[in-house]
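Some notes on the structure that comes next.
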Amino acid sequence: MKHIAIVLAPKRWPLTCVLYGCIVGAMILPIQGCSNPPLKPWHTERLTAEFTVNQLDEIRTFDDYMQLEGRLFAQLEEKVYARTGTGLEYELVRYSSGSAADPQHRKPNWNRSFELPADAPVGGALLLHGMSDSPYSLRALGETLNQHNYWVIGLRLPGHGTAPSGLRYVKWEDMAAVVRLSMTHLASKVEQKPIHILGYSTGAPLALNYSLDALEGSASPLPASLVLISPAIGVHPAAGLAGMKGGLSRIPGLGGLAWLSIQPEFDPYKYNSFATNAGAQVHRVTRSVARRISARSQGGRIELFPPTLVFKSTVDATVSLNAVVDSLLKYLGPKEHELVLFDINRYAAKAKLLIADPAPLSDRLITDEKLTFTLTLVTNENPESLQVVARRKAPFSKDMSETKLLNMAWPTGVISLSHVALPFPPDDPLYGQRPPDNEKVLFLGQMAIQGERGLLKIPYDWLLRLRHNPFYAFLESRTLQWTDTANQQ
């Protein structure tokens, strides 16, 4: 075990040096007591064919980006796949050719950007996934929108869909630049028809950033509406330290600080390892968007902002519910926006088992007569029932005035949704409620597994987190209603 000695600075040293040393010590000491897993090629190899905002002179269109993406995946094959073994011991290694976790073994490879054209489209839809995710995250919604005659682009954001090492170098400005290219491309395909942006997790602030650019005249077209799923509007303040930690990782001997988490890579469509820089970029984009929204609302609520529909679980270990209200919705013009909250399972979640009941936060919104947006709460019909209803409260109302029975019920053993669950239907072949009939296909969804710890290759806390939405049908139908209504305005 390595030991770090902190030596008091002489008086002649600037106070900032002393503070810097204290911060360094506080960040390094906790991680020295345990050994990190060894880094693999997918952690260390930098793929130089990845897009950056500095390439806009040569990568000017979405088609240019797609061609560059083709070269990027060829480089992934050369630098990562070719250096990874094959065979039974690699069966759960994403970068082992032909393994159960190999996304290139699946057709199509949903890690890559995809485009779903439509004959005589009624509009366009741009899908933006979250940090460490891939276009697979919003695949189901994209296919449904396409079936309803929307021209759809599922965008692979820079740094994603390849190797976790991409998160070490990506900047949120790179992602924002590709969002602009994609919106321009969609506009050329649907002409004057409305275009909607669906943003999941970090995709949400990217959608907001683009919308603000469009309102200010630096981007076009203005989205007809936004649909934000588990939006990363606010993250923990400690995320701000990620930038400093990332800088320290360049010091010889401190390379491990480049990673917040190093995990086995068995998920075909999502990185399990998480780079420090990724946390820093989420913090940067959320702070930038929050500042811009606050500044633009100084003269009153923001008018002409695209109608915004937000889906959020009342419990979310990743992003803040308060921020959705206090950093976004309260600043927008009245009556055009909606927040849909998925409550916990009130029948199964007895108070003694909960660390913190989210009810007080929901109650705050339910009793607030000044809310300018519609509030919908998806919850148990009553505490003694598994049946689910949608209770609706109109803007400026005193209480929930509408209750709709959804003909849905909480599945056995499910106590709540999660940050990652919302965009995935129960029949998702990878994350769904039950495995597909083909036993050779990797399944990472709901599994009832018990036994001794240390036996499985997949971490137990990973298995515990719900990865599909039992009420996805409601989310999907509300999304279609939202976009169709916005088309008519």
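Only one of the numbered conditions (1) modelled with pLDDT of 95 or more; (2) in a helix (DSSP H, G or I) is not met by R112, and that is (2). Evaluated against (1) on the phi < 0 side of the Ramachandran plot; (2) in the same structural domain as E303 (by TED's automatic domain parsing); (3) touching a residue at least 60 places away in the same chain (Cβ under 8 Å), F396 falls short on exactly one condition, (1).
Scanning the stretch 384-443 for residues that are part of a strand (DSSP E or B) and touching a helix residue (DSSP H, G or I) at 6+ places or on another chain (Cβ under 8 Å) yields A390, K393, L406, M408. Of all residues in the stretch 209-228, those that are within 19 Å of S327 (Cβ to Cβ) have Cβ atoms under 6 Å from Cβ atoms of residues that are surrounded by fewer than 24 Cβ atoms within 10 Å (Cβ to Cβ) and charged (D, E, K, R), 6 or more apart or on another chain, in L212/R292. Of the residues making up the stretch 283-292, at least one is closer than 26 Å to S362 by Cα, surrounded by 23 or more Cβ atoms within 10 Å (Cβ to Cβ) and at pLDDT 95 or above.
Among the residues of the stretch 154-162, are any under 25 Å from L215 (Cβ atoms), out of contact with any Lys or Arg (no Cβ under 8 Å at 6 or more places or on another chain) and touching a residue at least 60 places away in the same chain (Cβ under 8 Å)? Yes: the stretch 154-162 contains one or more residues that are under 25 Å from L215 (Cβ atoms), out of contact with any Lys or Arg (no Cβ under 8 Å at 6 or more places or on another chain) and touching a residue at least 60 places away in the same chain (Cβ under 8 Å). When residues in the stretch 349-368 are screened for being at pLDDT below 80 and part of a loop (DSSP other than H, G, I, E, B), 7 of them pass.
In a loop (DSSP other than H, G, I, E, B), in the same structural domain as S211 (by TED's automatic domain parsing), touching a strand residue (DSSP E or B) at 6+ places or on another chain (Cβ under 8 Å) and small (G, A, S) - does that describe any residue in the stretch 69-88? So that I can check it myself, show each step before the final result.
Of the residues in the stretch 69-88, the ones in a loop (DSSP other than H, G, I, E, B) are 80, 84-87.
With in the same structural domain as S211 (by TED's automatic domain parsing) added as a condition, the list becomes 80, 84-87.
Now restrict to residues that are touching a strand residue (DSSP E or B) at 6+ places or on another chain (Cβ under 8 Å): none.
No, the conditions are met nowhere in the stretch 69-88.
Within the stretch 369-383, the set of residues being part of a loop (DSSP other than H, G, I, E, B) and in contact (Cβ under 8 Å) with a residue 60 or more places away in the chain comprises T372 only. Pairing each residue of the stretch 103-128 that is assigned by TED's automatic domain parsing to the domain that holds L206 and charged (D, E, K, R) with any residue that is at pLDDT 95 or above and assigned to a loop (DSSP other than H, G, I, E, B), provided the two are 6+ apart or on different chains, yields C-beta distances under 8 Å for R106/P268; R112/R156; R112/G161; D119/N149.
Here the condition is being more than 28 Å from Q281 (Cα to Cα) and touching a residue at least 40 places away in the same chain (Cβ under 8 Å); of V170, V190, it holds for V190 alone.
Report the residue count in the stretch 295-333 for those that are among the hydrophobic types (A, V, I, L, M, F, W, C), part of a loop (DSSP other than H, G, I, E, B) and modelled with pLDDT of 90 or more.
To start, the set of residues in the stretch 295-333 that are among the hydrophobic types (A, V, I, L, M, F, W, C) comprises 295, 302, 304-305, 309-311, 315, 317, 319, 321, 323-325, 328-329, 332.
Remaining after also requiring part of a loop (DSSP other than H, G, I, E, B): 304-305, 315, 317, 319, 328.
This time we only want the ones that are modelled with pLDDT of 90 or more, so: 304-305, 328.
Matching residues across the stretch 295-333 total 3.
The values are calculated or read from the model by the stated rules, or taken from the named source; none is laboratory data. Note that the structure is predicted; figures quoted are calculated from it, not measured. Virtual Cβ from ideal backbone geometry, glycine too; neighbours counted across all protein chains shown.
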